[in-house]
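Everything on this sheet refers to the single structure shown next.
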Amino acid sequence: MIFIDMQNELERISIVFGKKYHDEIVKLFWKEFNHISIGRFKALVDSILYQSRYYPTISDFIKANTELRFKEYEVEKKKVVDEINAIWPQKAVSQDKANEFFTALRKSLTTGVPFDGDKFDFALPNPAYNCKRCKDTGDIYAKHKVKTYTYLFACRCESGIKKQSTDVDRWNDKLFQHYDIV
Ligand SMILES: [Zn+2]
């Protein structure tokens, strides 16, 4: 997103709580959230407005962002299992195997332990991936080199573009400066 869009969103908080964020705090907001899309930041402000009784701090926003990621993750998880089972009904992925996969993924998202996706190639319909970045899932999980968070990006390939409805930033290879794909 761009700075002015973020400021306009913060203005919504200011109006509701009758208090403006100090410029220094706005700078910190920008530092923390400049990589996310305006759609997502709006969603965060909405969720904060739903929940907060008090003038929210940056850490309330960070918490809301993490909660939103986990909700998205649960939705993705269901979609992936449904897709696999639709493609290979005769080889429906066992619940155990799926749980193992998502436990490893969740662990990686919360602790930063690298996710060894190759161990779970069972989950992918096409082993000769058209797109090596996302292995044709359309999703790229990338860990920030400095912060510990793992972010979800949409891939630029066909599989990623099909998922345009999800409000996730699109991957570009310049991001390799700051992220490692996991
Ligand atoms: Zn891709």
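The values are calculated or read from the model by the stated rules, or taken from the named source; none is laboratory data. Just so you know, these numbers come straight off a predicted model, no measurement behind them. Positions of Cβ are backbone-derived with ideal geometry, glycine not excepted, and every protein chain shown enters the neighbour counts.
A compact table of results
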read-out: GLU32 vs. criteria among the acidic types (Asp, Glu), more than 21 Å from VAL146 (Cβ to Cβ) and surrounded by 14 or more Cβ atoms within 10 Å (Cβ to Cβ); value: no
read-out: Which numbered condition ARG106 misses (of (1) at pLDDT 75 or above; (2) over 27 Å from ASP169 (Cα atoms)); value: (2)
read-out: Restricting region 140-164 to residues that are part of a strand (DSSP E or B) and hydrophobic (A, V, I, L, M, F, W, C), the residue that is nearest to the ligand (Cβ to nearest atom); value: ILE140
read-out: Breaking point among (1) touching a helix residue (DSSP H, G or I) at 6+ places or on another chain (Cβ under 7 Å); (2) at pLDDT 85 or above; (3) of a type in the set (Val, Ile, Thr), for VAL81; value: (2)
read-out: Among the candidates ASP167, ASP116, residue that is in contact with a Ser or Thr (Cβ under 7 Å, 6 or more places away or on another chain), away from the ligand (no atom under 16 Å from the Cβ) and modelled with pLDDT of 70 or more; value: ASP167
